[in-house]
Amino acid sequence: MNILIVGPSWVGDMVMAQTLFVCLKQRHPDCQIDVLAPEWSRPILERMPEVRQALSFPVGHGVLDMATRRNVAQSLRGRYEQAILLPNSLKSALVPFFAGIPKRTGWRGEMRFGLLNDIRRLDKQRYPLMIERFMALAYEPGAELPKPYPKPSLSIVEQSRDAALARFGLSLDRPVLALCPGAEFGESKRWPAEYFAKVAEARVREGWQVWLFGSKNDHAVGEEILQGLIPGLREEALNLAGETSLAEAIDLLSCADAVVSNDSGLMHVAAALGRPLVSVYGSTSPAFTPPLSDQVEIVRLGLDCSPCFERTCRFGHNNCMRDLKPGAVIEALERLAPQPVEVR
């Protein structure tokens with residue numbers, strides 16, 4: 001049985017989609033899973049043993065481009081028995097429909113009647129977690145989801161990891177604290193840079209080194225964190241945001257002895273790598289998209305106005321992050337990765 005997955009458009013969602021792939025393999029051990037998704041997601045999918053092939057989808061997020069969708073569909077015709085759609089948009093249903101895939105499964109979403117022929121009605125109370133909404137599509141409507149739920153787990157190839165270490169001249173002679181200060185969704189999910197700097201300072205003083213991760217958009221906040229460290233400590237931190245590919249970021253994050261992250265795609269990557277992880281939440285909620293790992297400390301204030309799920313604070317104060325002081329994160333980090341640490 002060949003199954004085509006139309007994948008999501010965000011890093012964290014793609015990591016969490018692995019729970020669906022695991023469920024499909026449990027239900028149909030001999031099935032082959034291909035994922036149609038943006039090219040940036042390839043490094044994630046290539047580290048998922050359940051996925052046979054990552055198929056690059058050349059149409060940007062939110063773009064219709066009907067001609068390209070028809071061409072992609074033509075290349076997929078006759079290759080799959082089922083398509084499962086993770087996005088809820090009408091556009092995401094077009095390729096499986098044009099490709100004539102016999103069974104096309106997804107949540108009701110955005111006016112997709114006729115495009116899907118296995119259309120599900122979502123009960124948000126029954127499936128409050130995003131992974132539950134993904135996993136449910138592997139089973140018949142109304143079926144109980146098997147527990148315990150699978151957790152994403154990304155595989156690392158030692159040769160690839162060593163190449164990333166060599167490219168950036170990195171050594172594992174001291175414990176590594178990884179900081180992920182970005183959040184593509186918006187400013188409301190960003191813990192202040194000066195607070196990240198305080199956490200970095202605490203670990204550097206204990207003999208650790210600090211690596212900062214993120215996209216090109218996060219490079220400036222990485223530099224702000226470095227400037228928050230005094231000379232002598234600043235040299236023990238390296239801003240890799242915008243310098244690595246996603247593949248290199250995944251491989252280097254796998255080397256971290258501990259990670260501190262906003263609610264972001266890299267948070268989910270760190271969890272899927274099994275790294276001890278402190279997740280900082282403000283405007284969003286771990287009740288919907290928690291990091292799926294056994295080594296996680298979630299730090300949040302739970303103010304009356306949060307979670308609001310807004311990109312920017314409607315009140316302009318960002319208190320859900322501003323009032324969450326570094327000490328709380330440092331204490332959580334200590335519980336996950338206590339001192340003294342044996343230097344490798």
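The values are calculated or read from the model by the stated rules, or taken from the named source; none is laboratory data. Keep in mind the model is a prediction, meaning the values are calculated, not measured. So basically every Cβ, Gly included, is an ideal-geometry build from the backbone, and we count neighbours across all protein chains shown. Ligands, DNA and RNA are stripped out before the accessible areas are found, and what is left, the full protein with its side chains, is counted by its heavy atoms. Shrake-Rupley method; radii C 1.70, N 1.55, O 1.52, S 1.80 Å.
Some observations on this one:
- For residue 210, the accessible surface of its heavy atoms amounts to roughly 0 Å² (probe 1.4 Å, protein chains only, rounded to the nearest 10).
- In region 1-73, the GluC sites (Glu not before Pro) that fall in loop regions by DSSP, at most 12 other Cβ within 10 Å: none
- Residue-averaged 222 nm ellipticity for the chain, from DSSP H runs of 4+ at -39500 (n - 2.57), nearest 500: -8000 deg cm²/dmol
- The phi-based Karplus calculation (6.51 cos²θ - 1.76 cosθ + 1.60; θ = phi - 60°) puts the 3J(HN,Hα) values of region 41-53 at 7, 3, x, 6, 5, 5, 9, 10, x, 6, 8, 6, 8 Hz, whole numbers, x for Gly and Pro.
- Amide H to amide H, with H built 1.01 Å from N, residue 278 comes under 5 Å of 259, 260, 261, 297, counting only residues 5 or more places away or on other chains.
- For the chain, the relative contact order is 16 percent, taking Cα pairs closer than 8 Å that sit 6 or more residues apart in sequence and dividing their mean separation by the residue count.
- Under a Gaussian network description of the chain, with springs only between Cα atoms under 10 Å, the residue in 93, 183, 220 that fluctuates furthest is 220.
- The alpha carbon gyration tensor of region 1-122 gives principal lengths a ≥ b ≥ c with a/c below 1.5, which makes the shape rounded.
- For region 107-197, trypsin sites (Lys or Arg not before Pro) are listed when DSSP marks them as loop and at most 16 other Cβ atoms sit within 10 Å of their Cβ; the list is 108, 121, 124, 126.
- The apolar share of the surface of region 34-84, taken as the fraction of accessible area on carbon and sulfur atoms (1.4 Å probe, ligands and nucleic acids excluded), comes to 51 percent.
- Taking only the alpha carbons of region 161-279, we obtain Rg and Dmax values of 12.8, 36 Å in that order.
- Here the 3J(HN,Hα) profile of region 285-299, calculated from phi with Karplus coefficients 6.51, -1.76 and 1.60 at θ = phi - 60°, is 10, x, 6, 10, 10, x, x, 9, 7, 8, 10, 10, 10, 9, 10 Hz, Gly and Pro shown as x.
- Relative contact order, percent, region 7-109 [alpha-carbon distance under 8 Å, six or more residues apart]: 22 percent
- The relative contact order of region 89-181, computed from alpha carbon pairs under 8 Å that lie at least 6 residues apart in sequence, is 16 percent.
- For region 7-98, the solvent-accessible area with a 1.4 angstrom probe is 42 square angstrom per residue.
- The GluC sites (Glu not before Pro) of region 247-344 that DSSP puts in a loop, and whose beta carbon has at most 11 other beta carbons within 10 Å, are 342.
- Most mobile of 301, 45, 273 in a GNM of the chain (Cα contacts under 10 Å): 301
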